[in-house]
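One structure is given here, and the rest of the page talks about it.
The values are calculated or read from the model by the stated rules, or taken from the named source; none is laboratory data. In this text, all values refer to a predicted model and were calculated from it rather than measured experimentally. Glycine also receives a Cβ, built like all others from the backbone with ideal geometry; neighbour counts cover every protein chain displayed. Just so you know, the surface numbers come from the protein's heavy atoms only, side chains and all, with ligands and any DNA or RNA stripped out. Shrake-Rupley method; radii C 1.70, N 1.55, O 1.52, S 1.80 Å.
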Amino acid sequence: MVSFFDALKLAEDAGLDLVEIAPNSVPPVCKILDYGRFRFLEQKKASEARKKQRTIEIKEIKLRPGIDKHDYDVKMKAMHGFFEEGDKVKVTLRFRGREMAHQDLGVKVLERVKVDTAEIAKVESDWQLEGRQMVMVLAPR
């Protein structure tokens, strides 16, 4: 442990700066180094961390209660791609006109989606009716 004035004198003799690294510790930790280079390296670390950071997006797949087998398969293929990228998927099943009287068909479609994606996705929020549509959110495992 060196006194502040001795450390400052050592830094000036070396042509460097006295930089406080951990101000909250007792006693505060300081280093003798080139402050400009120190700031540059810290910015570089922060930049690398931002590059590696990935925001999780919510993708939406829209279905209808009477969806055909091939159309369903195409939607499922897109959903698998979203899960592989690490995105969440919001499955929206929209009812038109008199389809509201047959909500059981919509529930069957959403249950089929849940079963077909069980090994690669988990249900984040189960289906719920919002006006004329049922919504379910799935997240990758």
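A few comments on the model shown:
- When G131 is tested against the conditions (1) touching a helix residue (DSSP H, G or I) at 6+ places or on another chain (Cβ under 8 Å); (2) closer than 21 Å to I58 by Cβ; (3) open to solvent by 40 Å² or more (accessible area, probe 1.4 Å), the lone failure is (1).
- Within the set E20, E60, E42, E12, the sole residue that is outside any helix (DSSP H, G or I) and free of Cβ contacts under 8 Å to residues at least 12 places away in the same chain turns out to be E20.
- Residues satisfying the stated conditions in region 26-37, i.e. modelled with pLDDT of 90 or more and either of a type in the set (G, A, S) or outside any strand (DSSP E or B) (or both): D34, Y35, G36, R37
- Selected residue (criterion: most open to solvent (accessible area, probe 1.4 Å)) from residues of region 41-100 that are of a type in the set (F, W, Y) and more than 17 Å from E111 (Cα to Cα): F82
- Residue within region 95-107 that is assigned to a loop (DSSP other than H, G, I, E, B), farther than 18 Å from F83 by Cα, without any contact (Cβ under 8 Å) to a residue 60 or more places away in the chain and touching a Gly at 6+ places or on another chain (Cβ under 9 Å) present: yes
- Every residue from region 108-140 that is assigned to a strand (DSSP E or B), under 18 Å from F83 (Cβ atoms) and among the charged types (D, E, K, R): K122, E124, D126
- Any hit, region 65-78, residues being under 16 Å from the mean Cα position of the chain (by Cα) and outside any helix (DSSP H, G or I): no
- Qualifying residue in region 46-56 (condition: modelled with pLDDT of 90 or more, assigned to a helix (DSSP H, G or I), closer than 19 Å to A118 by Cβ and of a type in the set (S, T, Y)): no
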